[in-house]
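Down below is the structure, laid out as structure tokens.
The values are calculated or read from the model by the stated rules, or taken from the named source; none is laboratory data. All values derive from a computational prediction rather than experimental measurement. Counting neighbours? That spans all protein chains shown, and the Cβs are built from the backbone with ideal geometry, glycine included.
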Amino acid sequence: MITLQLAWRNLWRHRRRTWLTASAIAFATTLLVFMITLQLGAYDMMIDTSLRVFTGQLQVQRQGYHAKPQMRATVPDAQALAARLRAASGLDGVAARAQGFALASSVSRSYGVPVIGVEPEFEARVSTLPHLIKQGRYLSSDQAQEAVLGAALARNLKLQIGDELTLLGSGKDGSIAATIVPVVGIFESGNPELDRHLVQLPLKTFQEVFTMGDDAHAIVVSGPSHEAIPQTQATVAAQLAPGSGLVVLDWEQLIPGLRQLIQADMVQNWITYIALILIVTLSIMNTFLMSVLERTREFGIMLALGSSPWRIGVIVLLESVYLTLLGLGIGLLLGGGIAVYLHYEGFTFPGMAEIYAQFGLPGVIHPKLSFAGFTLGPAVIFVFTVLAALYPALRIRKLQPVEAIHAV
Amino acid sequence: MIMEHTVICRHVSKVYRQESVAVQALTDINLEIPKKDFACLSGPSGSGKSTLLNLIGGLDRPTGGEITVDGQRVDQLGKSELAALRLHKIGFVFQAYNLIPVLTAIENVEFVMQLQGMAAAERAVKAREILHEVGLDGLEYRRPGELSGGQQQRVAVARAIVSEPSLVLADEPTANLDSKTAENLMQLLAHMNQEHGVTFIFSTHDKLVMDFSRRLITLHDGSIVNDVRRE
């Protein structure tokens, strides 16, 4: 009890110094809470936007197809399965897709490209591509003989709306797959990979050209929140017949690069955060060293009275804990307040909305309100500041009572 | 009748090393302080009186010889055992800045008892009684900064004797006090010695303190040159 009491009162010996140090901690905490919640919000937006453009959050595929996409590795009776999954999951965002490769030709040029067969009715619910048509329109129906393609590909092939696109590939059964379809739409997703290569056909047309029957290569599921993905994955998996050879892959398995990109960004940001925390830590270490040095005689008296060096060290450590908690409390209130406000109002800066809109991204970021967002930064600050007080506290162990008492 | 001794020093010596130079602070000190004694170590600066007081109190270690306090060999104790000895058997009064500035007078008096693990109610009663005895009624909740030098020394005395130690060591207790306050403090210490039966050893230059003591031990260049009982 006396230890707690002494530590608390010692903290207030130099009010101005205590408040200045607590302010440094509070400033760092405010900044970290705001930055981390914003960062997590931005990651969610990035993941969401990336997945919504094309991939979806989950996909049902034949085992091994993702690593080695072969025409024969199909999902049988795909549209019926997609309908069953819609009913079971309660999600509208379920659509079948088939994928092949073809030589896409215009009158003057040819390029090898992936061709995707989609269900136009449902594709708009799993992908933002149908909403990113810059010229013309999206595919009208399952059976329509028409195609949409990316803007860069259209430019490279010198194709415009109404021009004919010739596709030449090989079907599931090894036969020649060939068709000529008019271009009805050109999309611009902001994703160079999609804009340069992708051609979409209605699923029935694709199945007919590539002799797929009712098969497709993937059922794309989109819509659940990040937190609900594992549950939806389990629901979808339960609908697959045992021994069917089908698997449910989540977005991290489908686009491992996205997670790596986020992790790399996180590491980069944390280097900045750690630099900030180190500056605060050094200021605290300085405060505590001063505080210990100026109280050497007092510590000597306490040692003479029978107090153990260990107890005095604990008092100094407790002072650091109190000071840090004070700064963290203020910082959490400020940083948390800003994060909560911006979570509802959105964070943006002049010009951001216009730039983001070109790529189909929302023009504002909403900081993510999560336990990690609020506690990660403060927890690291807490550990560093307590460690900063450890050195002065450990110095006390070396104090000799007689020398300490005669210290000036 | 066998006289009981609170402190026994046998052939005690202390050498300080200052860089490469050895300084002989005490040489072959032999001393016995009986229980309830009121003894004064005097001598010029550098004579070794504070060094001897520090060795007896376990604040420093002798280079040679034996020191026994209340039956315990101080020179053989480890760091934590010395802390325990100081906590339970020895009270200290230093010349100034004796008190913990963030604690009130009563909390300073309770401090040692808290370290000893005494129950809150018991130590509050004892602290109040002793503060009353040293004449600090009404000043219990003042912090050291709000007390005069004499009042602060009274609190230090109260703290030193409240847990009823065998021995109180006072290193120049009147050094920062005016003569009137110093006399009052010495009267108080003499009263405590008689009332509580606590052994007192002072180190001082102050003639007033010497006049109050019942035994005057004079040191010079680290050796006892005179030891006079004045009863």
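Residue check: is A:GLN253 surrounded by 17 or more Cβ atoms within 10 Å (Cβ to Cβ) and either within 30 Å of A:LEU40 (Cβ to Cβ) or at pLDDT below 90 (or both)?
For A:GLN253, the condition - surrounded by 17 or more Cβ atoms within 10 Å (Cβ to Cβ) and either within 30 Å of A:LEU40 (Cβ to Cβ) or at pLDDT below 90 (or both) - is not met.
Do you know which of the residues in the stretch B:127-137 that are part of a helix (DSSP H, G or I) and under 20 Å from the mean Cα position of the chain (by Cα) is surrounded by the fewest Cβ atoms within 10 Å (Cβ to Cβ)?
In this case the residue turns out to be B:GLU133.
Per-residue answers, yes or no, for (1) surrounded by 19 or more Cβ atoms within 10 Å (Cβ to Cβ); (2) within 14 Å of chain A (Cβ to nearest Cβ):
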{"site": "B:ARG61", "(1), (2)": "no, yes"}
{"site": "B:SER80", "(1), (2)": "no, yes"}
{"site": "B:VAL93", "(1), (2)": "yes, yes"}
{"site": "B:LEU99", "(1), (2)": "yes, yes"}
{"site": "B:ARG123", "(1), (2)": "yes, yes"}
{"site": "B:GLU140", "(1), (2)": "no, no"}
{"site": "B:PRO144", "(1), (2)": "yes, yes"}
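Being more than 23 Å from A:GLN99 (Cα to Cα) and either at pLDDT 90 or above or surrounded by 15 or more Cβ atoms within 10 Å (Cβ to Cβ) (or both): is that true of A:ALA216 here?
No; evaluated as a whole, the condition is false for this residue.
When you go through A:GLY377, A:GLY363 one by one, which is the residue that is free of Cβ contacts under 8 Å to residues at least 24 places away in the same chain and within 19 Å of the chain's Cα centre (by Cα)?
Criteria check complete, one pass: A:GLY363.
Within the stretch B:222-229, does at least one residue satisfy the condition of being among the hydrophobic types (A, V, I, L, M, F, W, C), under 14 Å from B:GLU32 (Cα atoms) and free of Cβ contacts under 8 Å to residues at least 40 places away in the same chain?
Within the stretch B:222-229, one or more residues are among the hydrophobic types (A, V, I, L, M, F, W, C), under 14 Å from B:GLU32 (Cα atoms) and free of Cβ contacts under 8 Å to residues at least 40 places away in the same chain.
Under 7 Å by Cβ, and 6 or more places apart or on different chains, what pairs join a residue from the stretch A:141-167 that is more than 16 Å from A:PRO130 (Cα to Cα) with one that is among the charged types (D, E, K, R) and surrounded by fewer than 14 Cβ atoms within 10 Å (Cβ to Cβ)?
A:ASN156/A:ARG109; A:LEU157/A:ARG109; A:LYS158/A:ARG109
Tally time: how many residues in the stretch A:373-392 are within 19 Å of A:ILE271 (Cβ to Cβ) and out of contact with any Ser or Thr (no Cβ under 9 Å at 6 or more places or on another chain)?
4
Among the helices (runs of 4 or more DSSP H) lying completely within the stretch A:217-303, list those that include at least 2 residues that are under 32 Å from the mean Cα position of the chain (by Cα) and within 30 Å of A:LEU11 (Cβ to Cβ).
A:256-293
Looking at the stretch A:146-154, is at least one residue part of a helix (DSSP H, G or I), over 26 Å from A:TRP251 (Cβ atoms) and assigned by TED's automatic domain parsing to the domain that holds A:ALA95?
Yes, the stretch A:146-154 contains at least one residue that is part of a helix (DSSP H, G or I), over 26 Å from A:TRP251 (Cβ atoms) and assigned by TED's automatic domain parsing to the domain that holds A:ALA95.
Say whether the condition of being in the same structural domain as A:VAL107 (by TED's automatic domain parsing), touching a Ser or Thr at 6+ places or on another chain (Cβ under 6 Å) and within 20 Å of A:SER106 (Cβ to Cβ) is met by at least one residue in the stretch A:179-192.
Yes, the stretch A:179-192 has at least one match.
Of all residues in the stretch B:7-37, which are within 12 Å of B:ILE217 (Cβ to Cβ) and among the hydrophobic types (A, V, I, L, M, F, W, C)?
If the condition is that a residue be within 12 Å of B:ILE217 (Cβ to Cβ) and among the hydrophobic types (A, V, I, L, M, F, W, C), then B:VAL7, B:CYS9, B:ILE29, B:LEU31, B:ILE33 are the ones that fit.
Tally the residues that are within 19 Å of A:LEU390 (Cβ to Cβ), within 14 Å of chain B (Cβ to nearest Cβ) and in contact (Cβ under 8 Å) with a residue 24 or more places away in the chain, restricting the search to the stretch A:302-345.
11
Considering (1) closer than 24 Å to B:THR199 by Cβ; (2) at pLDDT 90 or above; (3) within 14 Å of another protein chain (Cβ to nearest Cβ), say which one B:ALA119 fails and leave the rest.
(1)
Based on this model, can you work out whether B:ALA175 counts as surrounded by fewer than 24 Cβ atoms within 10 Å (Cβ to Cβ) and in a loop (DSSP other than H, G, I, E, B)?
Judged against the criteria, B:ALA175 is a match.
Checking A:ALA83 against (1) within 14 Å of chain B (Cβ to nearest Cβ); (2) surrounded by fewer than 19 Cβ atoms within 10 Å (Cβ to Cβ); (3) part of a helix (DSSP H, G or I); (4) of a type outside the set (Phe, Trp, Tyr): exactly one of these is not met. Which one?
It is condition (1) that A:ALA83 fails.
Yes/no matrix, rows are residues, columns are (1) in contact with a Lys or Arg (Cβ under 7 Å, 6 or more places away or on another chain); (2) of a type in the set (D, E, K, R); (3) assigned to a helix (DSSP H, G or I); (4) under 30 Å from B:GLN24 (Cβ atoms):
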{"site": "B:LYS180", "(1), (2), (3), (4)": "no, yes, yes, no"}
{"site": "B:ALA190", "(1), (2), (3), (4)": "no, no, yes, no"}
{"site": "B:PHE200", "(1), (2), (3), (4)": "no, no, no, yes"}
{"site": "B:SER203", "(1), (2), (3), (4)": "yes, no, no, yes"}
{"site": "B:ASP211", "(1), (2), (3), (4)": "no, yes, yes, no"}
{"site": "B:LEU219", "(1), (2), (3), (4)": "yes, no, no, yes"}
